[in-house]
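First the structure, in the form of C-alpha cells, and then the observations on it.
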C-alpha cells in the first residue's frame, strides 16, 4: 500500500496529479482512494489531496503518515514533511526548494522547468513520471490517466505526455527508486 499526499497552491495541478495517480491505479485494477482538500479561494490558495493505492481494500482515504509527499511550495513542505513516514520520500522542485531541503537523503529534487520547457502547466505531470517507480504504477497506466484527465482538452495531451516521459526519463537516468 502507498499513501501519498500531493500539495501546493491552487492552479499547480495538485488535484489533477492526485486524480491521475488514482486513475492509473484503477487502470491496473488496484484499489485506490482520492480525497481532495482546498480552500474556498482555490486558484492561488493552498490545495492538497490524499491518494491511497493498494492491492487490498482501502479502509480510509485519510492519511496521517504519508509514504510519498509531493510539495510544490514551501508552505506545503512545512505542513506535511514532519508527518512523512520513516523511510518515505518527498518530491520537490529543485529550482525553487531550499538547498537544505534538497540535500536531505529522503528528498527527490526534480528540475521541473528543465523537464517541461515552456510548459509550466506540465510540472505536475513530469512529477507523476518521476514518481512512477515509487508507486509501483506502470507507464502505460499513467499515459492512460493523462489522456483520461485531459479528454475534454485534447490539444494538451501530446505536450503532457511529453512531460510524463521527461519525468520517467529523468528518474531512470538519476537511478531513482
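The values are calculated or read from the model by the stated rules, or taken from the named source; none is laboratory data. Everything numeric in this text was worked out from a predicted model, so none of it was measured. Glycine also receives a Cβ, built like all others from the backbone with ideal geometry; neighbour counts cover every protein chain displayed.
The condition of being within 20 Å of residue 137 (Cα to Cα) and more than 13 Å from the chain's Cα centre (by Cα) holds for only one of 63, 102, that being 63. Tell me, yes or no, whether segment 148-168 has at least one residue that is part of a helix (DSSP H, G or I), under 20 Å from residue 89 (Cβ atoms), touching a strand residue (DSSP E or B) at 6+ places or on another chain (Cβ under 9 Å) and at pLDDT 95 or above. The answer is yes, given that some residue of segment 148-168 is part of a helix (DSSP H, G or I), under 20 Å from residue 89 (Cβ atoms), touching a strand residue (DSSP E or B) at 6+ places or on another chain (Cβ under 9 Å) and at pLDDT 95 or above. Restricting attention to segment 102-125, the residues being buried (at least 17 other Cβ atoms within 10 Å of the Cβ), touching a residue at least 24 places away in the same chain (Cβ under 8 Å) and not in a loop (DSSP other than H, G, I, E, B) number 8.
Between 92, 78, 52, the distinction of being without any contact (Cβ under 8 Å) to a residue 40 or more places away in the chain and touching a strand residue (DSSP E or B) at 6+ places or on another chain (Cβ under 6 Å) belongs to 92 only.
Name the residue, out of 60, 37, 64, that is in a loop (DSSP other than H, G, I, E, B) and free of Cβ contacts under 8 Å to residues at least 24 places away in the same chain.
Numbers: 60 fails: free of Cβ contacts under 8 Å to residues at least 24 places away in the same chain; 37 fails: in a loop (DSSP other than H, G, I, E, B).
When all the criteria are applied, what remains is 64.
When 137, 132, 128 are checked against the criterion of being modelled with pLDDT of 95 or more, in a loop (DSSP other than H, G, I, E, B) and closer than 21 Å to residue 52 by Cβ, 137 stands alone in meeting it.
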